[in-house]
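Step one of this worksheet: look at the structure below.
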Amino acid sequence: MDLFLTIVDFLWNNIMVEVMVVIALWFTIKTKAVQITMFPEMIRTLKGSTQKQSKDGRSISSVEAFLISLASRVGVGNLAGVALAITIGGPGAIFWMWVMAILNSATSFVESTLAQLYKSRNGNFFIGGPAYYIYKGLKSKTWAVIVAILSVLTFSFIICSVQSNTIAISAGQAFGITPIWSAIIIGILMSLTIFGGVGRVAKVTSTLVPLMAFAYILVVVSIVLANIGQIPAIFKLIIDSAFGVDQVVAGGVGTAIMMGVKRGLFSNEAGMGSAPNAAATADVSHPVNQGFVQAMGVFVDTLVICSCTAFLIFIGGADAPDNLEGIALTQYALSAKTGGWAYHFIAIIIFFFGFSTCISNSYYGEANIRFIKDSNLLVNIFRVLMILIVMAGAIIPLDVVWAMADLFMIFIVLINLISITKLGKYTYLLLDNYKLQKKKGIQAPVFKKSQIKELDTPNVECW
């Protein structure tokens, strides 16, 4: 096990961090810093999408697709992952998590726009994701199948096992529930949800995510405001830890960067190829619309919710026992400021965050299974297998589950980043098309594939 952990850490430290930073910078430059220059348009697009309903309840609206992907993003990484980043990488890890969120929102914009461009119809719904844009855009069936398989393993099996593992730990801390009972409860609730398909997943996540995120943010913000005098010192601690001389000499900056990038990626999933599965489901007038919305999701996930957790830990976890890590540290920090009820509150929040991630990722897996073979029998077998694996995840030791998540993320991220880099030229053309229509006074740009002659139009079937 020690050798396995060493290999995973080596790959992240020597390959993945550099690759992700370079690609994020590349997309930021090529899109002319879309995540900054078009931020007001992101707000307008998201606000407009909340006022529109899906047609006859059969298709998925832009905001429903956003909430499905946000349900996947907002999971235990926002509470347990942030605590783990601070424990291993120090306070400076939070700064690098912020930096990568800003840069990676450009990556999220590119991959989600491509998912919209190359989506397909599946009955009354749209379907798509990395496997679809690799097959249609790069014309590689082999790599499309490989990424579809990896997506199922990574998003539906491994990452959801992390969610159930943290749910079990949190429930044990708060209510004394054994991991086996946590596994059984998770399995039953997942069965009742995911067999209803993407429509039911959209309805559940559109209810759970805003409610739980608002409740968590409200509690943490109230604690931050009550301790507002500590905020300047916390910012100084984060910046000093990210760039301080002592950290450079001790090699702590490298660890902070690695943990900030790795845990930030696990939280906001930009570049992983997960959010494009949700982005493709939206019924929008222009592919760029959903690119904007999904890029906004990275900001919400990391700059808002992850920051809430970080400030909470710095305020309430300063005197925490050294052996506390992950979700246990977050629970301790909240209880130190609010009382013992915090353990129960965090356990409930973790359950709903983790559960919403699991049901969202079940759809990601289903989309990729249907790419390999559009068979209802195969999809149902996948659903049963996923439920069993996620239940098992509640019982497996913590370090094993996180290491497996880190390992599988390496493969899926590398393939996805290479693919969207090759296809990025179409995203830039789409963004130029959107901006041109806005300059002409069109408030809600509409895209038709005939507008861009460089497109291989037979493979762009929904536009």
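Shown in residue order for the range 358-375 are the 3J(HN,Hα) couplings computed by the Karplus curve 6.51 cos²θ - 1.76 cosθ + 1.60 at θ = phi - 60°: 4, 6, 5, 5, 5, 5, 4, x, 4, 4, 7, 4, 5, 5, 5, 7, 7, 10 Hz (x for Gly and Pro). Between THR421 and LEU192, the modelled label-to-label distance comes to 4.6 nm, taking each label 7 Å out from Cα in the direction of the beta carbon. Residue ranges 302-314, 180-192, 103-115 sort as 103-115, 302-314, 180-192 when ordered by packing (mean number of other C-beta atoms within 10 Å per residue, highest first). Extension gain, ASP240 to SER140, is 31.3 nm, computed as 0.36 nm per intervening residue step minus the present C-alpha separation.
Fraction of C-alpha pairs exceeding 21 angstrom in the range 394-463: 52 percent, rounded to a whole number.
Derived scalar couplings between HN and Hα for the range 126-141 equal 9, 9, x, x, x, 4, 6, 6, 6, 5, 7, x, 9, 6, 10, 5 Hz in order, rounded to whole Hz, by the Karplus curve 6.51 cos²θ - 1.76 cosθ + 1.60 (θ = phi - 60°), x for Gly and Pro. The phi-based Karplus calculation (6.51 cos²θ - 1.76 cosθ + 1.60; θ = phi - 60°) puts the 3J(HN,Hα) values of the range 298-311 at 5, 4, 4, 5, 8, 6, 9, 6, 5, 5, 4, 5, 4, 5 Hz, whole numbers, x for Gly and Pro.
A cut-off of 5 Å between modelled amide H atoms, ignoring neighbours fewer than 5 places along the same chain, links ASN122 with ILE127. You can think of it this way: the chain between GLU454 and PHE10 has 155.8 nm of extra reach, that is 0.36 nm per residue less the Cα-Cα gap. By accessible area, using a 1.4 Å probe on protein heavy atoms only, the range 307-463 has 63% of its surface on carbon and sulfur. The accessible-area ordering, largest first, of the residues VAL99, VAL82 stands as VAL99, VAL82, per a 1.4 angstrom probe. Segment VAL19..ILE217, full-extension length gain: 68.1 nm, with 0.36 nm per residue of separation and the alpha-carbon distance subtracted. In this structure, TYR428 and THR178 have a Cβ-Cβ separation that, at R0 = 60 Å, corresponds to a calculated FRET efficiency of about 0.70. Our note on the geometry: Cα centres of the range 327-372 and the range 141-186, 11 Å apart.
Looking at the range 267-338, the accessible area is 21 square angstrom per residue; that uses a 1.4 Å probe and ignores ligands, DNA and RNA.
The values are calculated or read from the model by the stated rules, or taken from the named source; none is laboratory data. Every value quoted in this text rests on a predicted model; they were computed, and no experiment measured them. Virtual Cβ from ideal backbone geometry, glycine too; neighbours counted across all protein chains shown. Quick note on the areas: whole protein, heavy atoms, side chains included, nothing else; ligands and nucleic acids left out. Shrake-Rupley method; radii C 1.70, N 1.55, O 1.52, S 1.80 Å.
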